[in-house]
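Written out below as structure tokens is the structure these notes cover.
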Amino acid sequence: MKALIIGNWKIYPKSAKEAKKVFDATKKAIESAKSVTLVVAPPTMYLRELIAGYRGKKVSFACQHVQSDPEGGAYTGDVSIVQAKDAGASYVIVGHSERRAQGETNAEVQKKVAALIAARLTPVVCVGESSRTTEGDYFGFVREQIRAAFALVPRDKVNKVIVAYEPVWAIGGETAMSPRDMHEMAIFIRKTIAEACGIDGLSVKIIYGGSVNENNAVAMLKEGDVVGLLPGHVSVDPVRFAALLKAVQAA
Ligand code: PGA
């Protein structure tokens with residue numbers, strides 16, 4: 001199976017001109033990485049322009065955030081699901097820890113996931129604890145996030161949701177969690193979805209995010225029991241991102 005790599009640009013780079021440059025480099029890098037399915041999640045301000053200027057088929061696009069009310073309305077500063085779709089996005093990141101830190105709740109994640117499925121967009125639901133204790137109570141925390149996210153998903157659509165496990169403590173640096181710990185968490189996540197939604201839960205795609213880079217990507221894909229990765233800062237660095245794609249391709 002092809003590795004799914006979703007580059008979360010967050011709100012970088014600073015101008016549309018630079019965004020175009022990063023995207024041009026990304027397009028070039030993906031040409032030789034045939035074993036990768038690439039999704040780019042640029043800032044919403046650049047999304048439509050990048051999509052409109054792209055003639056290829058190798059890159060899909062994600063919106064980093066949408067409002068849970070699908071049709072939009074009086075939500076100053078937000079983006080609606082219909083607008084994300086109209087711009088050409090096919091994936092939407094939901095419940096990223098940076099959005100949760102700004103108040104996005106499990107209840108909102110739940111509404112968004114269901115609305116995205118109904119709109120035929122792919123939700124990429126981010127889950128993950130902010131710190132770990134030896135007692136393992138982070139499992140309970142992740143279980144709550146997962147159960148909420150899947151609660152309104154029709155059973156025959158469970159497989160349309162992608163889960164991105166992103167432990168908050170591993171985001172934004174150079175050290176990812178260990179593939180062995182990811183493997184353990186992947187088993188737990190699958191079991192949790194299956195308990196809540198039935199057997200199809202066992203085949204939900206799980207990806208890992210949190211300091212993914214050109215040096216740790218391959219080990220995570222090989223040993224972490226994940227089908228993909230969600231790199232943040234490295235995805236907006238053309239040289240490092242090209243190196244990451246090359247490493248995954250060569251593995
Ligand atoms: P990072 O970000 O790769 O910079 O750690 C990942 C994310 O926040 O999605």
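Tabulated data for the structure shown
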read-out: Matching option when the condition is among the hydrophobic types (A, V, I, L, M, F, W, C), open to solvent by less than 50 Å² (accessible area, probe 1.4 Å), touching a residue at least 12 places away in the same chain (Cβ under 8 Å) and away from the ligand (no atom under 16 Å from the Cβ), among 3, 33; value: 33
read-out: Selected residue [at pLDDT below 95 and either open to solvent by less than 80 Å² (accessible area, probe 1.4 Å) or under 18 Å from the mean Cα position of the chain (by Cα) (or both)] from 186, 148, 164, 176; value: 176
read-out: Residue tally, condition more than 17 Å from residue 39 (Cβ to Cβ) and either within 16 Å of the ligand (Cβ to nearest atom) or without any contact (Cβ under 8 Å) to a residue 24 or more places away in the chain (or both), over region 70-105; value: 20
read-out: Tabulated pairs, region 226-239, first under 13 Å from residue 186 (Cα atoms) and open to solvent by 30 Å² or more (accessible area, probe 1.4 Å), second more than 7 Å from the ligand (Cβ to nearest atom) and at pLDDT 95 or above, C-beta under 7 angstrom, 6+ apart or interchain; value: 227/3; 227/4; 227/205; 227/206; 227/207
read-out: Filter result for residue 158 (more than 15 Å from the ligand (Cβ to nearest atom) and under 18 Å from the mean Cα position of the chain (by Cα)); value: yes
read-out: Verdict on residue 28 being in a loop (DSSP other than H, G, I, E, B) and surrounded by fewer than 14 Cβ atoms within 10 Å (Cβ to Cβ); value: no
read-out: Sole residue being open to solvent by less than 60 Å² (accessible area, probe 1.4 Å) and closer than 22 Å to residue 239 by Cβ, chosen from 79, 59; value: 59
read-out: Yes/no for residue 14 being of a type in the set (Lys, Arg), open to solvent by 80 Å² or more (accessible area, probe 1.4 Å) and free of Cβ contacts under 8 Å to residues at least 24 places away in the same chain; value: yes
read-out: Matching option when the condition is under 24 Å from residue 22 (Cβ atoms), surrounded by fewer than 23 Cβ atoms within 10 Å (Cβ to Cβ) and not charged (D, E, K, R), among 68, 90; value: 90
read-out: Pair list, Cβ under 7 Å, 6 or more apart: region 162-175 residue part of a strand (DSSP E or B), other residue more than 7 Å from the ligand (Cβ to nearest atom) and among the small types (Gly, Ala, Ser); value: 165/128
read-out: Index of the failed condition, residue 241 passing every other in (1) under 28 Å from residue 110 (Cβ atoms); (2) under 19 Å from the mean Cα position of the chain (by Cα); value: (1)
read-out: Selection from region 45-69 of residues that are within 22 Å of residue 32 (Cα to Cα), among the charged types (D, E, K, R) and touching a residue at least 12 places away in the same chain (Cβ under 8 Å); value: 58
read-out: Top-ranked residue of region 38-56 - restricted to ones that are open to solvent by less than 70 Å² (accessible area, probe 1.4 Å) and of a type in the set (A, V, I, L, M), ranked as farthest from the chain's Cα centre (by Cα); value: 52
read-out: Restricting region 203-212 to residues that are among the hydroxyl-bearing types (Ser, Thr, Tyr) and open to solvent by less than 40 Å² (accessible area, probe 1.4 Å), the residue that is farthest from the chain's Cα centre (by Cα); value: 211
read-out: Of all residues in region 213-225 being away from the ligand (no atom under 12 Å from the Cβ) and surrounded by fewer than 22 Cβ atoms within 10 Å (Cβ to Cβ), the one that is farthest from residue 124 (Cα to Cα); value: 215
read-out: Yes/no for residue 143 being surrounded by 14 or more Cβ atoms within 10 Å (Cβ to Cβ) and either among the acidic types (Asp, Glu) or closer than 24 Å to residue 176 by Cβ (or both); value: yes
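The values are calculated or read from the model by the stated rules, or taken from the named source; none is laboratory data. What you are looking at is a predicted structure, and each value in this text was computed from that prediction instead of being measured. When we count neighbours, we look across all protein chains shown, and the Cβ atoms used for this are built from the backbone with ideal geometry, even at glycine. Remember, those area values only see protein heavy atoms, side chains included, never the ligands or the DNA or RNA. Shrake-Rupley method; radii C 1.70, N 1.55, O 1.52, S 1.80 Å.
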